[in-house]
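What follows is a set of notes on a single structure, which appears directly below.
Just so it is clear, none of the values below were taken in a lab; they were calculated from the coordinates. Not measured: the values here are computed from a predicted model. Using ideal geometry, Cβ is built from the backbone for each residue, glycine included, and neighbour counts are taken over all protein chains shown.
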Amino acid sequence: MMTREKIRLFVDAPLHEGQSIVLARAQAHYLFGVMRLGPGARVALFNGHAGEWVAEVAEAGKRGGVLAVLGQSAPQLDPPDLWLVFAPIKKARTDFIVEKAAEMGAARILPVQTAFTNAERIRQDRLQAHAVEAAEQCGGTFVPPVAALQKLDTLLDAWPADRQILFADEALVGGSATLAGAIARGGAWAIFIGPEGGFSEAERARLRAMPQAHPLSLGPRILRADTAAVAALTLWQSRLGDW
Ligand code: SAM
């Protein structure tokens with residue numbers, strides 16, 4: 001194993017020994033303008049599915065540059081099969097949810113429009129960029145895809161029979177519905193977090209009626225949606241995931 005490089009960069013390119021990576025303008029600006037790297041400096045690269053690789057700066061310019069891939073420094077590490085389904089809230093808080101979900105090991109991030117969601121649209125590309133940045137900073141080799149905004153009902157209409165749902169239900173605040181000890185590790189899961197206004201009665205009824213659903217209380221206080229997402233991810237990861 002090679003030593004860990006401080007700067008990690010996601011590249012949308014195959015990675016193997018001897019490969020040359022032509023940098024996009026923004027990446028060249030970051031490496032050479034912001035981080036002041038020059039020829040011979042080393043960075044770590046990952047592309048989301050081939051582990052982590054060490055590369056050396058071969059050419060450094062203001063608007064571009066080339067990296068030479070030297071060798072693999074870490075194997076690919078994929079997260080457990082956990083989706084985070086959440087209703088987008090205010091911009092900065094939605095960004096936070098995506099960043100934390102990527103850091104905490106969600107495999108897929110699905111923003112949904114619920115009855116009380118105020119966001120009509122999201123910037124999917126910007127949220128995806130936040131997920132990439134989070135993976136770069138946390139040493140991850142996987143980047144969770146951020147899906148397009150869709151209606152909660154549409155998502156549930158086609159819900160896979162074998163994907164369990166951890167439903168953070170604010171109506172259970174202070175209740176005893178925890179992650180039951182009998183639930184086995186493994187398998188496909190999704191966490192559901194509602195918007196500021198919570199889930200509507202109809203949505204709660206629909207979710208609770210699904211055989212895949214496990215309603216969950218997140219303690220005696222009502223948490224903001226971003227806090228609730230982090231709390232539910234923590235509970236699931238420590239009880240059923242890869243922590
Ligand atoms: N307006 C709602 C109310 O007053 O009941 C609160 C919604 S809360 C801000 C946003 C989401 O976080 C909820 O829809 C739920 O998914 C989750 N949540 C927050 N606190 C929770 C708790 N104590 N137990 C379970 N879920 C919680």
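A few points about this structure:
- Where GluC sites (Glu not before Pro) fall in DSSP loop in region 57-131, at most 12 other Cβ within 10 Å: Glu120
- Applying the criteria of a DSSP loop state and at most 15 other Cβ atoms within 10 Å to the chymotrypsin sites (Phe, Trp or Tyr not before Pro) of region 70-148 yields Phe116.
- Antiparallel DSSP beta bridges within the chain, as percent of all bridges there, nearest 5: 40 percent
- Modelled this way, with points 7 Å down the Cα-to-C-beta line, the labels at Lys91 and Asp153 are 3.0 nm from one another.
- A DSSP coil position with no more than 14 other Cβ atoms inside 10 Å describes the following GluC sites (Glu not before Pro) in region 159-215: Glu196.
- Only Lys, Arg, Asp and Glu carry charge here, each on its Cβ (+1 for the first two, -1 for the last two); on that basis region 8-74 has a dipole of about 340 debye about its Cα centre.
- Residue list for region 9-42, given a label point 7 angstrom along the Cα-to-Cβ vector of Lys62 and an amide N cut-off under 12 Å: 33
- Relative contact order for the chain, counting Cα pairs under 8 Å that sit 6 or more residues apart, in percent: 19 percent
- Principal-axis tilt of helix 225-240 within the chain, Cα atoms, nearest 10 degrees: 80 degrees
- Taking amide H as placed 1.01 Å from N in the peptide plane, the amide H of Gln19 sits under 5 Å from that of Val69, each at least 5 places away or on another chain.
- Sequence-separation-based contact order of region 8-74, relative, with Cα cut under 8 Å and 6+ spacing, percent: 41 percent
- Candidates Ala188, Ala24, Ala229: whichever shows maximal mean-square fluctuation once the chain is modelled as a Gaussian network with Cα springs under 10 Å: Ala24
- Across the chain, Cα-Cα pairs more than 22 Å apart make up 57 percent of the total.
- Full extension of the chain segment joining Ser217 with Leu179 gains 12.8 nm, where the gain is 0.36 nm per residue of separation less the Cα-Cα distance.
- Estimated FRET transfer efficiency when R0 is 45 angstrom, pair Met35-Ala209 (beta carbons, to 0.05): 0.30
- Lys pairs under 19 Å by Cα in the chain, provided they are eight or more residues apart or on distinct chains: 4
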